[in-house]
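Read the structure below first, then the notes.
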Amino acid sequence: MATCRPDIAHAVVKLSQFSVCPHKLHFSGLKHLLKYLYHTKSDGLYFWRETANPLLTKKDRPRINSNRNDLLWEQRREFGPTELNGSADSDWGTCPRTRRSFSGMIIRMAGGTIAYKTRLQSVIAQSSTEAELMAANDAGKMILYIRSILWDLGIPQLAATVIGEDNDACTAIGNAQKPTPRTKHVDIKQRAIADWIERDLLKLERVDTSVNLSDQMTKLLSRILFHRHNDYILGHVPPGYTRAYKEYFGTGLKVDLNTGDKNPTTSADKRLANSLAARWDHICLFS
């Protein structure tokens, strides 16, 4: 486990805007954030192997705060253990002082987050599409940098890296490589994403907002949405290439990874369900 907390990135950026002249309201928000960190001090980033390595120290399994239905696992694309993938998102003009937007991105590999960023955009976006293009550009630059590092480490990314984006206009402009009459004013550097896609380095893929992990990096979310995204961002949910994923999502049994509660319907299901908790203990998590 790596001790890193991308789940508080947006809160930290928001509070830092008022570090020079804070109000009592901002101090209350800071105390709320510290209280959250105190109660989740054992959380961190988890990365998953295809098979357990007996030479490594055994780690306790991470706690999944969402229930199985809230995870929306059937709507998510699965990636391999060495396959880089990311997501990008942006709000639009939510800063009340400057009317600028927040960009957020999440870059993942091996079931956990390896890079993330939340920032206030440098210019005012005149549309949500423009704000999303800025966020996708930031994610693209980070992915190209990580791809070069992985090449030096002997883990080349042969296919285009997928960036999940929940804005239809942004994905259309990037993939079609054609500006619209309403986006001709967008800066050249935001058009670079189209060139990277044409060179088969990146690929913008439309995802629903409910499963876009970067949504957490740009705005405050409800409790259900926060835990849904956080379970994936921190790597608490096992990826599709692990045995834990097949046991949790593929058996059809109502087995909770946190408590081991089960509701089998047949004698064969009972025998399988009784062995799930014991078999889970042999699955190692490594960072």
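The values are calculated or read from the model by the stated rules, or taken from the named source; none is laboratory data. Because the structure is a prediction, the values reported are computed rather than measured. Positions of Cβ are generated from backbone atoms using ideal geometry, with glycine treated the same way; all protein chains shown enter the neighbour counts. These accessible areas exclude ligands, DNA and RNA; they are computed on the full protein's heavy atoms, side chains included. Shrake-Rupley method; radii C 1.70, N 1.55, O 1.52, S 1.80 Å.
Tell me, what is the per residue accessible area of region 56-164 in Å², probe radius 1.4 Å?
Result: 48 Å² per residue.
What aspartates and glutamates sit close enough to K41 to cross-link, taking a C-alpha to C-alpha distance under 16 Å and skipping anything fewer than 8 places away on the same chain?
Reachable aspartates and glutamates: D7, D60, D231.
Treating the beta-carbon of each Lys and Arg as +1 and of each Asp and Glu as -1, no other charges, what is the dipole magnitude of region 204-252 about its Cα centre, to the nearest 20 debye?
With Lys and Arg at +1 and Asp and Glu at -1, about 80 debye.
How big is the C-alpha Rg of region 14-53 next to the rule-of-thumb value 2.2 N^0.38 Å, as a ratio? Intermediate results must be reported in sequence, preceding the final value.
Values: Rg = 16.8 Å, N = 40, 2.2 N^0.38 = 8.9 Å.
That ratio works out to 1.88.
Computing the accessible area with a 1.4 Å probe over protein heavy atoms, can you report the carbon and sulfur percentage for region 146-206?
56
Need one number: convex hull volume per residue for the chain, Cα atoms only, in Å³.
Once divided by residue count, the hull of the chain is 148 Å³.
Using +1 at the C-beta of Lys and Arg and -1 at the C-beta of Asp and Glu, which of Q126, W48, A11 has the Cα lying farthest in the positive direction of the dipole of the chain?
Toward the positive end, the furthest listed residue is A11.
Enumerate the amide H contacts of N85 below 5 Å, restricted to partners 5 or more residues apart or on another chain; note that Pro and chain-start residues carry no placed amide H.
R108
Can you give the longest run of the chain that contains no GluC sites (Glu not before Pro) sitting in a DSSP loop with at most 16 other Cβ atoms inside 10 Å? Walk me through the numbers on the way to the answer.
Values: sites that count: E50, E78.
So the longest stretch without any such site is 79-287.
Check each of the trypsin sites (Lys or Arg not before Pro) in region 160-199 and keep only those in coil by DSSP with at most 12 other C-beta atoms within 10 angstrom; list them in order.
Working: sites: R182, K184, K189, R191, R199; in loops: R182, K184, R199.
Answer in residue order: R182, K184, R199.
Are there trypsin sites (Lys or Arg not before Pro) in region 70-101 that DSSP marks as loop and that have at most 12 other Cβ atoms within 10 Å, and which are they?
R77, R97, R99
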